[in-house]
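Contents: one structure, followed by commentary.
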Protein chains: 2
Amino acid sequence: MTRVGVNGYGTIGKRVADAVAAQPDMELVGVTKASPNYGAEAAIRRGYDLYAAIDDRVDEFETAGLTPSGTLDDLLRAVDVIVDCAPSGIGARNRAIYASHDTPAIYQGGEDADVADASFNARASGDVGDADSLRVVSCNSTGLSRLLAPLDEAYGVEKARVTLVRRGGDPSETDRGPINDVVPDPATVPSHHGPDVNTVLPNVAVDTAALKAPVTAMHTHSVNVTLETEPSTATVRRLLGDETRLFLIPEVANIDGAGALKDYAADVGRPRGDLWENCVWEESISVQGRDLYLFQNVHQEADVVPENIDAIRALTTDIPREESVALTNETLGIGLDSLLADGGTVRDPVAADD
Amino acid sequence: MTRVGVNGYGTIGKRVADAVAAQPDMELVGVTKASPNYGAEAAIRRGYDLYAAIDDRVDEFETAGLTPSGTLDDLLRAVDVIVDCAPSGIGARNRAIYASHDTPAIYQGGEDADVADASFNARASGDVGDADSLRVVSCNSTGLSRLLAPLDEAYGVEKARVTLVRRGGDPSETDRGPINDVVPDPATVPSHHGPDVNTVLPNVAVDTAALKAPVTAMHTHSVNVTLETEPSTATVRRLLGDETRLFLIPEVANIDGAGALKDYAADVGRPRGDLWENCVWEESISVQGRDLYLFQNVHQEADVVPENIDAIRALTTDIPREESVALTNETLGIGLDSLLADGGTVRDPVAADD
C-alpha cells in the first residue's frame with residue numbers, strides 16, 4: 001500500500017486525490033490547501049485529511065472553521081510519495097522541501113522539465129529506471145503523446161504539425177482572458193509544446209503553433225501527421241479506436257463541441273464531467289497520401305489524472321507499466337465505448353482513399 | 001407508486017428522469033427522444049426504457065443500434081402522468097396527444113400559462129385543487145418565486161424590481177448567441193418574466209428587465225425589493241438562509257461567479273454539477289431603508305427539477321405540499337449548508353444599518 005499525499009488541492013489536485021482514493025494499492029493520507037476556501041471545505045466533506053500548505057496560515061483555517069490536521073511538513077512525514085499539484089512554478093520551489101524529507105515527488109507539466117529526474121506519460125515514455133522524481137507532462141503534451149506514440153509505432157512519424165487552440169482559463173478562473181479574441185500565445189513558432197512532447201517521445205519530430213481562445217472547457221488540437229507509410233483512413237481509425245485513452249466520437253452521436261462533450265461525460269456518470277481520454281472526432285480522421293489529419297479535444301482539468309496515478313506506481317513500485325495502466329483504467333472507468341452503432345466500428349469516410 | 005413518463009430526454013428531461021428515479025413513491029416507466037443522439041445513448045446506459053418521440057423515426061433509432069421500447073403512444077398507455085420536457089412550444093402541440101390518452105400532464109415554463117390548468121412552484125403557488133395539468137414556471141420565475149414568497153410573507157413586498165442577466169444558451173447549444181454582447185431581450189420593459197411570476201404569486205408586484213449575455217452556465221439576477229417594513233440586513237439573511245431551496249454563498253468560500261459555483265457543486269458530489277437551489281451571494285444581501293438588494297444566480301438546467309417532482313405529487317396524490325418538498329429535498333440532497341464558519345451563521349455586513 002503506497003501512502004500518497006497531494007500538495008495543492010486545486011483543479012488537478014482534487015482530481016488526483018479522488019483517483020488515488022480509488023486505487024486498491026494506494027492510501028490517500030491527506031491533501032494540502034493554501035487557503036480555507038470552498039475547495040478546502042469540499043476536501044473535508046469528502047473525508048480527506050486537510051493540511052495547511054503554508055505553515056503560518058493554520059490560524060486562518062481555524063478561524064474559518066476548518067481545523068487542519070497539520071502542515072505540509074506533517075503530511076510529508078506520513079507519506080511514501082508526494083504529488084505536487086501546486087500552481088505552475090511553485091512546484092520547483094517546493095522541491096527543496098520534499099528533498100529535506102527524502103520524499104519522492106511527482107510534479108506537473110507546468111514546471112520545467114529539469115524539476116524532476118524524468119518526464120512521464122504512461123503511453124509514450126520509456127522506463128523511468130531509478131528516478132526519485134517524475135514530471136507528468138502537461139495536458140496538451142499528454143494529449144499529443146497519446147496520439148503520436150501509436151502512430152509512430154504503427155506507421156512511423158516523419159513529422160507532426162499541430163495547431164493548439166488552447167482554452168484561456170479553467171471554468172472558475174474569472175481573471176483570465178482573452179474575452180473576445182484568439183491570441184497567438186506564444187506568437188513565436190514553433191511553440192514550446194513540441195519540445196515538451198519530446199521529453200517523453202524524444203525521437204518524434206513535432207512542431208506546434210499555439211493560440212488561446214475565449215473558452216474554458218477544453219483545448220482543441222488541429223493535427224497533421226506526415227507518416228512514413230500510407231495506411232488507409234479506416235486502418236488509422238481502427239488503430240486509434242483500440243487505444244484505451246483515446247475516445248473516438250461517433251459522428252451519429254451529434255457531439256459538435258466541448259459543451260456537448262462535457263454534457264455527454266456527465267450523462268454517462270463521469271465525476272465532475274471529466275474526460276480523461278483524448279476526444280477525437282472520428283469523421284475528422286482522414287489520410288490524404290501520407291498526410292493524416294484529425295481534430296481532437298483535450299480536457300485540461302482531467303487528462304493528466306490517470307497519468308499521475310501511473311506515475312506514482314512507476315516511481316514507487318515494480319508493477320509493469322501495462323498492468324498499472326489497466327488497473328488505473330479499470331478503477332476510474334476509463335475507456336469510453338459508445339453504444340451507438342457506428343461508435344464501436346470503423347466506417348469508411350465518404351471520400352475515402354482506400 | 002406513481003408511474004411517470006418523461007417526454008423529451010433533453011436538458012431538463014434527463015434531470016427530471018433522474019429525480020423521478022430517485023423517488024420512493026414514483027416509478028420511471030420510460031423516456032422519449034426525438035433522435036438517436038448521445039443523449040439517447042445515455043438514457044440506455046442508465047437503464048431507462050427509451051421510446052421514440054416521433055412515430056416514424058423508430059427505424060432511425062434501430063439503424064443507430066438503439067432499439068426503442070416503443071413510441072410515445074406506448075409510453076402514454078403505461079403511465080399515470082407524463083412530464084412534458086419537449087422544446088418550448090412543442091409542449092402545447094403535445095397537449096392533444098396527452099388528452100387523447102386522458103393522461104395528466106406537467107408542462108415546462110417555456111409554454112404559455114394557458115397550456116395547463118394551473119402554474120406551479122412548490123414554495124409560492126397555492127393549492128392546485130383538481131387540476132388535470134400543471135405548468136412548472138420557468139427557471140427564472142422559479143428563482144424569483146422562491147425568493148419573493150418568503151419576503152412577502154415576512155415583510156410584505158411593496159414592489160420588486162429585477163434585472164435578469166440571462167445566459168445566452170446552455171453549454172451544448174453552439175447555435176445560440178450572443179457571442180460578444182449584452183443584449184436587451186426583450187428590449188421592451190417590463191419583460192414577460194414578472195407576469196410569469198404572477199401566475200404563481202398573483203399578489204406580488206414585480207417588474208423585470210431582461211438581458212442576455214455570452215455565458216452558458218447560469219442566469220444572474222440583480223434584485224431590488226422595496227419592502228413594506230424595515231427588517232435588518234441580518235434578519236433578512238437569516239430568513240433567506242432558512243429556506244431550503246436558497247443557498248447563501250458564504251463570503252469566505254471565495255466563490256466569485258458561476259464557474260466557481262459549478263465547480264463547488266461538482267466538489268460536493270452533485271450529479272452533472274447541478275445547483276437545484278437559488279445561489280445568493282450572502283454579502284450582497286443588504287437593506288437600505290425599505291430597499292432590499294441582492295445578487296442571485298439560477299442554474300437554468302436544474303432549478304425547476306425539484307419543482308417538477310413536487311408538481312407530480314401535487315397532480316397525482318394527496319400528499320401535503322410540505323411533505324412532498326421535504327421528501328424531494330431528502331432524496332435529491334437539496335439544501336447546501338456550508339461547513340465554513342460564516343456559512344451557517346448570519347454576519348452583519350461592514351456597513352450594516354442594524
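A compact table of results
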| quantity | calculated |
| --- | --- |
| Pick from segment B:329-343, criterion over 18 Å from B:Leu240 (Cα atoms) and surrounded by fewer than 16 Cβ atoms within 10 Å (Cβ to Cβ), ranking: nearest to the other protein chains (Cβ to nearest Cβ) | B:Gly333 |
| Residue in segment B:20-35 that is part of a helix (DSSP H, G or I) and either within 19 Å of A:Ile255 (Cβ to Cβ) or within 24 Å of the chain's Cα centre (by Cα) (or both) present | yes |
| B:Thr220 vs. criteria under 21 Å from the mean Cα position of the chain (by Cα), outside any loop (DSSP other than H, G, I, E, B) and either within 14 Å of chain A (Cβ to nearest Cβ) or modelled with pLDDT under 95 (or both) | yes |
| Strands (runs of 3 or more DSSP E) within segment A:230-313 that include 3 or more residues under 30 Å from B:Gly169 (Cβ atoms) and within 14 Å of chain B (Cβ to nearest Cβ) | A:246-249 |
| All positions within segment B:112-170 that are touching a Phe, Trp or Tyr at 6+ places or on another chain (Cβ under 9 Å), closer than 16 Å to B:Asn198 by Cβ and either of a type in the set (A, V, I, L, M) or surrounded by fewer than 20 Cβ atoms within 10 Å (Cβ to Cβ) (or both) | B:Ala116, B:Val136, B:Val137 |
| Boolean, B:Ala53 is over 20 Å from B:Thr328 (Cβ atoms) and either within 11 Å of another protein chain (Cβ to nearest Cβ) or crowded, with 16+ Cβ neighbours inside 10 Å (or both) | yes |
| Members of segment A:171-181 found to be more than 9 Å from every other protein chain (Cβ to nearest Cβ), surrounded by 14 or more Cβ atoms within 10 Å (Cβ to Cβ) and charged (D, E, K, R), listed by number | A:Arg176 |
| Test for B:Gly109: is it assigned to a loop (DSSP other than H, G, I, E, B) and surrounded by 19 or more Cβ atoms within 10 Å (Cβ to Cβ) | yes |
| Residue satisfying condition, being among the small types (Gly, Ala, Ser) and away from chain B (no Cβ under 14 Å), within set A:Gly70, A:Gly39 | A:Gly70 |
| Test: residue in segment B:239-259 that is crowded, with 24+ Cβ neighbours inside 10 Å and over 28 Å from B:Tyr155 (Cα atoms) | yes |
| Condition check for B:Ala326: farther than 30 Å from B:Asn7 by Cα, assigned to a helix (DSSP H, G or I) and either within 14 Å of chain A (Cβ to nearest Cβ) or not basic (Lys, Arg) (or both) | no |
| Residue satisfying condition, being closer than 26 Å to A:Gly169 by Cβ, surrounded by fewer than 18 Cβ atoms within 10 Å (Cβ to Cβ) and within 13 Å of chain B (Cβ to nearest Cβ), within set A:Arg45, A:Arg15 | A:Arg45 |
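The values are calculated or read from the model by the stated rules, or taken from the named source; none is laboratory data. These figures come from a predicted structure and were not determined experimentally. Note that each Cβ is placed from the backbone with ideal geometry, even for glycine, and that neighbours are counted across all protein chains shown.
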